[in-house]
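Have a look at the structure below before the remarks.
The values are calculated or read from the model by the stated rules, or taken from the named source; none is laboratory data. All of these numbers come straight from a predicted model, not from anything done at the bench. FYI the Cβ positions are ideal-geometry reconstructions off the backbone, even for glycines, and counts take in every protein chain you see. Heads up: the accessible areas ignore ligands, DNA and RNA and are worked out on the full protein's heavy atoms, side chains in. Shrake-Rupley method; radii C 1.70, N 1.55, O 1.52, S 1.80 Å.
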Amino acid sequence: MSKNKLVQGYEVVIGFETHAQLSTQSKIFSRAPTAFGAEPNTQACAVDLALPGTLPVMNKGAVERAIEFGLAIGSHISPKSIFARKNYFYPDLPKGYQISQFEIPVVVGGEVEFFLGDEKKTVRLVRAHLEEDAGKSLHEDFIGQSGIDLNRAGTPLLEIVTEPDIRSSDEAVAYAKELHKIVTWIGICDGNMQEGSFRCDANVSVRRPGEPLGTRREIKNLNSFKFMQQAIDYEVRWQIEQIEDGHAIQQATVLFDPDTGETRAMRTKEDAADYRYFPDPDLPPLVIADEWVQRVKAAMTELPRTMAARFVADYGLPEYDATTLTQSKAMAAYFEAAAKACGQAKLVSNWVMGEVSRRLNSSEASIETTPVSATQLAALITRIADGTISNNAAKQVFEVLWSGEATEVDAVIEAKGLKQMNDSGALEKIIDEVIAANADNVAQYKAGKEKAFNALVGQIMKASKGKANPGQVNELLKQKLA
């Protein structure tokens, strides 16, 4: 592990809790739909409204998604887990409690690995448990009053909790991005942060190196990576200033205000005891047989880290390339299709991570909408590899393909006259002429000056209008001057 970065002589300690909304069609304990953006209270049935006499029934799809997550991060899947009532009073919680899991969660342990720059980091998970979402109080639309929308009540969530392993805001954002990648890759969550499908809470504390953990403050509902970074940075500075001024940090729940860039306390924090957890009498224990886990495992898609390891083994890519290319399923598929078609994996990797990504980023597009298909890229790379065109000429061809003016690589090479001159007879003639016209450079080269050789190569490339194959030029020129 690297030395942790200190902020003004303090070590930053961060733990994360993330609520991932599971991609089921219906709620965790009822058949009401979970689609986003419906009119208030049109997607809440009798169970969600907590009408007397209603009983919760477990959604099997939510359990399967929890199992998939556990398998994806190498966790233990509990053969038996318990649902508990977490009691608190809030207007958007009609039952007066939220059904969650307390002592025995469905997923225990596991870890998330990611790169920060080119350094590998690992964050250990404590647990991931199933629970239902609460409704929402709306304060904007009603003057002096609040509206209650229960569409979200009962939406299935997986709450993913880390150990306090994170040591900087950069690391926190990198962890959150990696977790976001995993849940969207395996398809258990759509990852839409604007709609609240992926919400993060950061527990932040500071301490002098070697001292026990400081008092933490929890920043709630961070719904963008940018705000996450700003909120943690502000909170760290604030806590250090408080301690330096001789004040003790009070455990609290805080909100981040993007307009001011500050965090402010919402309430002093409850501990688990304040929620009076007890097993829910309406729900039997959740029993997950090993056969069920094996069935889910067999149906799962190849995981990003497994795919990255395969790219290293099968295509000889560096680990950094393999990790970068598996940032999304679509990018990995694009790379693999092109690499298989032309057999030049490292060149394909360089182009996908370089030219293709650069253009996608500048137009804020995703690889699914790229105007240059994997087949076209493979055809272009084949022409670089077989010496038909130089790397510079390839960039010109790529430009034409990207703009949509043409679709055939060979046709563009022909039309723009970009072919390298591979006819050694014509090339020898140019080389002879350049040698004859540059006697002083020839003499300097023979006296051991390498620069003189490069000057001759430059003259030959110029005389061939850039179409000579540089490798062939070097070889023939060396022979002639020997």
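Before moving on, here are some points about what is shown:
- Of all residues in the stretch 260-278 being open to solvent by 80 Å² or more (accessible area, probe 1.4 Å) and outside any loop (DSSP other than H, G, I, E, B), the one that is modelled with the lowest pLDDT: 273
- Positions within the stretch 381-411 being at negative phi and in a loop (DSSP other than H, G, I, E, B), in sequence order: 386, 388, 389, 390, 405, 406, 407, 408
- Candidate set from the stretch 400-442 (those that are under 40 Å from the mean Cα position of the chain (by Cα) and open to solvent by less than 40 Å² (accessible area, probe 1.4 Å)); member that is nearest to residue 459 (Cα to Cα): 418
- Those residues of the stretch 30-77 which are free of Cβ contacts under 8 Å to residues at least 60 places away in the same chain and of a type in the set (Lys, Arg), in sequence order: 31, 60
- Within the stretch 102-159, strands (runs of 3 or more DSSP E) holding 2 or more residues that are crowded, with 22+ Cβ neighbours inside 10 Å: 119-132
- Conditions (1) touching a Phe, Trp or Tyr at 6+ places or on another chain (Cβ under 9 Å); (2) over 27 Å from residue 178 (Cα atoms); number of the one not met by residue 18: (2)
- Matching residues in the stretch 70-101 - criterion: being among the charged types (D, E, K, R) and either open to solvent by 60 Å² or more (accessible area, probe 1.4 Å) or touching a Phe, Trp or Tyr at 6+ places or on another chain (Cβ under 9 Å) (or both): 80, 85, 86, 95
- Taking the stretch 185-236 as the range and being closer than 22 Å to residue 8 by Cβ and without any contact (Cβ under 8 Å) to a residue 40 or more places away in the chain as the test, the residues that pass are 210, 211, 212, 215, 230, 231, 234, 235.
- When the stretch 309-366 is filtered for residues that are touching a residue at least 60 places away in the same chain (Cβ under 8 Å) and of a type in the set (D, E, K, R), only 329 remains.
- Counted residues, the stretch 206-229 - those being under 26 Å from residue 182 (Cβ atoms) and open to solvent by less than 70 Å² (accessible area, probe 1.4 Å): 10
- All positions within the stretch 189-198 that are in contact with an Asp or Glu (Cβ under 9 Å, 6 or more places away or on another chain) and surrounded by 18 or more Cβ atoms within 10 Å (Cβ to Cβ): 197, 198
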